[in-house]
Amino acid sequence: MTMRRMLAMTGGAVVPLAVLAVLFGNQWVIDAIQKSGFSLSDGIGPLVSWLFLLAWRFTPRGGMEWKFVLSDDLSLLVFFVVLILLVVAGARLADPSRSPFGAVITGWWATVVAGGVSGLVAGPLTYWALDLPGGLSRTTFSTIAQGASFGLAFGWIAGLGALGGLMVTRPREGGPQSQPFGQPQPYAAQQRGMPMQQQPYPQQMPQQQQMQQPYQQQPMQQHPSAVPYVPPQGQPQQPGWGAAPVPQQPGQPQQPGQPQQPGQPAQFGAPPVPQQPSAPPQEQPATAPPWEQDEPPKDEATEDDADDAEDAPEDEPQDTPEDDDLDLADRTIIDRKRDGDDT
C-alpha cells in the first residue's frame with residue numbers, strides 16, 4: 001500500500017507540471033511571446049516570465065549557439081528529477097488516516113524547492129551560454145529567484161495532483177480492515193468431553209467493534225497444535241486385541257478408532273474405522289495316549305498310601321539301634337570266593 005501511495009502521489013504532482021511545460025514551455029510559444037513585444041515587467045508579465053523556467057528547445061534561436069539549448073533542457077531535467085525525489089519522500093511519510101491537507105503542502109513545497117535547485121543549475125549554464133553582463137553571481141541569483149517564484153506561484157497545481165493521488169489510494173473507512181501481519185488469530189479453547197471434529201470455531205468480531213478499536217492489541221493465544229491433547233474422561237476404553245467390543249453407552253459420542261455398533265447410526269463427520277482382524281483360534285491341548293491314561297494320578301496314589309499307613313497295627317515292634325548291632329553278624333554274608341572259582 002505504501003508503494004502504491006508513493007507512485008500515485010508522485011504521478012499526481014508531476015503530470016500537471018509536465019503538461020504545463022509541454023503547452024507553454026516549448027520553443028514556439030516562447031519565441032512567439034518574445035516576438036510579440038509583450039512586456040514582461042507590467043501586469044501579468046512577471047507571472048508569464050516565471051513560466052520560462054519550463055522552457056525547452058530542439059533547435060537554437062537565430063544568432064545563438066547550441067549552448068543555450070543545453071542550458072534550457074538540462075535545467076528543466078534537473079527540475080523534474082528533484083521534484084520527483086521530494087514528492088516520493090513526502091508520500092512515504094504521509095499518513096492517509098489523518099488530514100489529507102498534508103498532500104497539498106507536500107506537492108507545493110516540493111515545487112518551490114525544485115524550482116530553486118533548477119535555477120541554481122541554470123544560472124552558471126546561462127552565463128556560460130550567453131555571456132550576460134553583471135557577472136556570474138547576479139545571473140545565478142536571478143535564475144534562483146525565478147525558479148522559487150515559479151514554485152510559489154504554480155506549486156498549488158502539483159499539490160492538488162498529489163492530493164488526488166492520495167485520495168485514490170486511501171483505504172475506505174467502511175470496508176473491512178486487514179489483519180496486521182504477525183498478529184495471531186484467536187482460537188477457541190478445547191472443551192472436555194467433546195470430540196476434536198466437533199470443536200466450535202471462533203466467532204468473528206462485529207465490524208463495528210473492529211472499527212471502534214482499530215489499535216487495540218488482541219490477546220496472544222496458543223495455536224491448537226501447541227496445546228497438548230487431553231482425552232475426554234468418562235468414555236469407554238477401547239477393547240484389547242481379540243477381545244469382544246465394549247457396547248456403546250447410550251448418549252455418548254462415538255470414540256475414534258472404535259468399530260460402529262450394530263443398530264446405531266454412523267456419526268456425521270467421524271472418520272471411517274478400519275475393520276480389525278479376528279483373533280487367532282486358541283490351541284487345543286494334545287490328547288494323551290491310551291497307555292498314559294491308565295496310570296492313576298499322583299494325587300490318588302498318595303491317598304492310597306496314606307490309607308495303608310492308617311490300617312497298619314499300632315503294636316508292631318520297632319527296631320532299635322542295639323538290635324541292629326546284635327543281628328549284624330547274622331544278617332551279613334561274606335562271599336570269600338574269587339570270581340575265578342565260580343567256573
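Within region 130-143, does at least one residue satisfy the condition of being hydrophobic (A, V, I, L, M, F, W, C) and crowded, with 16+ Cβ neighbours inside 10 Å?
No, because not a single residue in region 130-143 is hydrophobic (A, V, I, L, M, F, W, C) and crowded, with 16+ Cβ neighbours inside 10 Å.
Can you tell me which residue in region 55-103 is nearest to residue 34 (Cα to Cα), limited to those that are among the hydroxyl-bearing types (Ser, Thr, Tyr) and in a loop (DSSP other than H, G, I, E, B)?
59
Condition first: of a type outside the set (Val, Ile, Thr), touching a residue at least 40 places away in the same chain (Cβ under 8 Å) and over 15 Å from residue 148 (Cα atoms). Now tell me which residues in region 102-122 satisfy that.
103
At pLDDT 90 or above and closer than 22 Å to residue 120 by Cα, is that true of residue 23? Give the steps one after another, and end with the answer.
On the way: at pLDDT 90 or above: yes; closer than 22 Å to residue 120 by Cα: no.
So residue 23 does not fit the description; no.
Please find, among 101, 38, 79, the residue that is surrounded by fewer than 17 Cβ atoms within 10 Å (Cβ to Cβ) and under 56 Å from the mean Cα position of the chain (by Cα).
None of the other options fit; the residue is 101.
Any idea which of 53, 77 is free of Cβ contacts under 8 Å to residues at least 60 places away in the same chain, under 21 Å from residue 144 (Cα atoms) and not charged (D, E, K, R)?
Numbers: 53 fails: free of Cβ contacts under 8 Å to residues at least 60 places away in the same chain.
So the residue among 53, 77 that is free of Cβ contacts under 8 Å to residues at least 60 places away in the same chain, under 21 Å from residue 144 (Cα atoms) and not charged (D, E, K, R) is 77.
Report the residue count in region 5-54 for those that are outside any loop (DSSP other than H, G, I, E, B) and within 22 Å of residue 130 (Cα to Cα).
17
The values are calculated or read from the model by the stated rules, or taken from the named source; none is laboratory data. Keep in mind it's a predicted model, so treat the numbers as computed, not measured. We place every Cβ from the backbone using ideal geometry, glycine too, and count neighbours over all the protein chains shown.
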